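Structure record follows, encoded as structure tokens.
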Amino acid sequence: MRLSSSSTLSGVICLASLGAVGAALVSQYAFGLQPCPWCVLQRVIFLVIALLAGIAWAVKVPLVRRVAAGLAAVFAVAGIAAAVHQNTVAAKSFSCNLTLADKIISALGLEQALPFVFAVRASCADAAATLLGLPYEFWSLALYVVLGVAAVMIVRRPAG
């Protein structure tokens with residue numbers, strides 16, 4: 001199997017997205033970096049991308065694979081927007097209560113369903129953290145770009 005096959009790319013997208021959420025949970029529980037609403041929203045987006053990529057990975061029907069990958073690309077763009085907003089607006093705010101991220105998380109009921117993963121535990125300004133000198137949201141942004149490009153590669157791949 002080639003590294004660039006649609007199935008392999010789908011698997012890489014799925015596992016990288018799950019890895020991002022795993023890294024966020026390690027940061028939270030091992031290093032005490034508590035998440036703000038925008039951090040939690042990005043976890044949700046990574047999990048949606050993982051689900052869509054998992055479908056593309058498991059289903060061998062080219063149309064289904066392309067649709068799932070196309071939707072994953074759309075969510076990657078949403079992740080890019082969330083990461084940019086977190087860095088440029090939210091991280092400079094004292095309160096992120098009732099922001100779009102907070103409203104989405106509340107509407108989905110994720111905080112009550114699985115607080116271990118989705119509970120908001122900090123304000124946006126308090127949650128600002130860096131890794132190797134770069135804000136966490138820049139790492140998310142970079143991964144969203146890579147995932148989006150890989151998803152578009154799947155969509156554009158000739159059927160066959």
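Close Cβ contacts (under 7 Å, 6 or more residues apart or on different chains) running from residues in segment 38-61 that are over 30 Å from Ala122 (Cα atoms) to residues that are of a type in the set (Lys, Arg) and in a helix (DSSP H, G or I) comprise Ala56/Arg65; Val59/Arg65. Would you say Ser10 is surrounded by 18 or more Cβ atoms within 10 Å (Cβ to Cβ), of a type in the set (Gly, Ala, Ser) and more than 17 Å from Ile80 (Cα to Cα)? Yes: the conditions hold for Ser10.
If you take the residues of segment 28-81 that are closer than 18 Å to Pro115 by Cβ and of a type in the set (Phe, Trp, Tyr), which of them is surrounded by the fewest Cβ atoms within 10 Å (Cβ to Cβ)? By that ranking, first place goes to Tyr29. Residue under question is Ala91, and the condition is that it be exposed (fewer than 15 other Cβ atoms within 10 Å of the Cβ) and either at pLDDT below 85 or in a helix (DSSP H, G or I) (or both); does it hold? The answer is no for Ala91. Number of residues in segment 1-55 that are over 24 Å from Ala68 (Cβ atoms) and over 11 Å from the mean Cα position of the chain (by Cα) equals 13.
Restricting Tyr136, Tyr144 to residues that are crowded, with 18+ Cβ neighbours inside 10 Å, modelled with pLDDT of 90 or more and either hydroxyl-bearing (Ser, Thr, Tyr) or over 21 Å from Cys14 (Cα atoms) (or both) narrows the list to Tyr144.
Those residues that are of a type in the set (Gly, Ala, Ser), more than 19 Å from Thr99 (Cβ to Cβ) and touching a helix residue (DSSP H, G or I) at 6+ places or on another chain (Cβ under 8 Å), I need them from segment 6-57; list them, please. Result: Ser6, Ser7, Ser10, Gly11, Ala16, Ser17, Ala20, Ser27, Ala50, Ala53, Gly54, Ala56.
Yes/no per residue for (1) in contact with a Leu (Cβ under 7 Å, 6 or more places away or on another chain); (2) part of a helix (DSSP H, G or I); (3) within 13 Å of Ala151 (Cα to Cα):
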{"residue": "Leu9", "(1), (2), (3)": "no, yes, yes"}
{"residue": "Ala16", "(1), (2), (3)": "yes, yes, yes"}
{"residue": "Val26", "(1), (2), (3)": "no, yes, no"}
{"residue": "Gln34", "(1), (2), (3)": "no, no, no"}
{"residue": "Arg43", "(1), (2), (3)": "no, yes, no"}
{"residue": "Ala56", "(1), (2), (3)": "no, yes, yes"}
{"residue": "Ala68", "(1), (2), (3)": "yes, yes, yes"}
{"residue": "Leu71", "(1), (2), (3)": "yes, yes, yes"}
{"residue": "Val74", "(1), (2), (3)": "no, yes, yes"}
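When Leu114, Leu98, Leu110 are checked against the criterion of being out of contact with any Cys (no Cβ under 8 Å at 6 or more places or on another chain), at positive phi and modelled with pLDDT under 90, a single residue qualifies: Leu98.
The values are calculated or read from the model by the stated rules, or taken from the named source; none is laboratory data. Just so you know, these numbers come straight off a predicted model, no measurement behind them. Here Cβ is always computed from backbone atoms with ideal geometry, including for glycine, and neighbour counts include all displayed protein chains.
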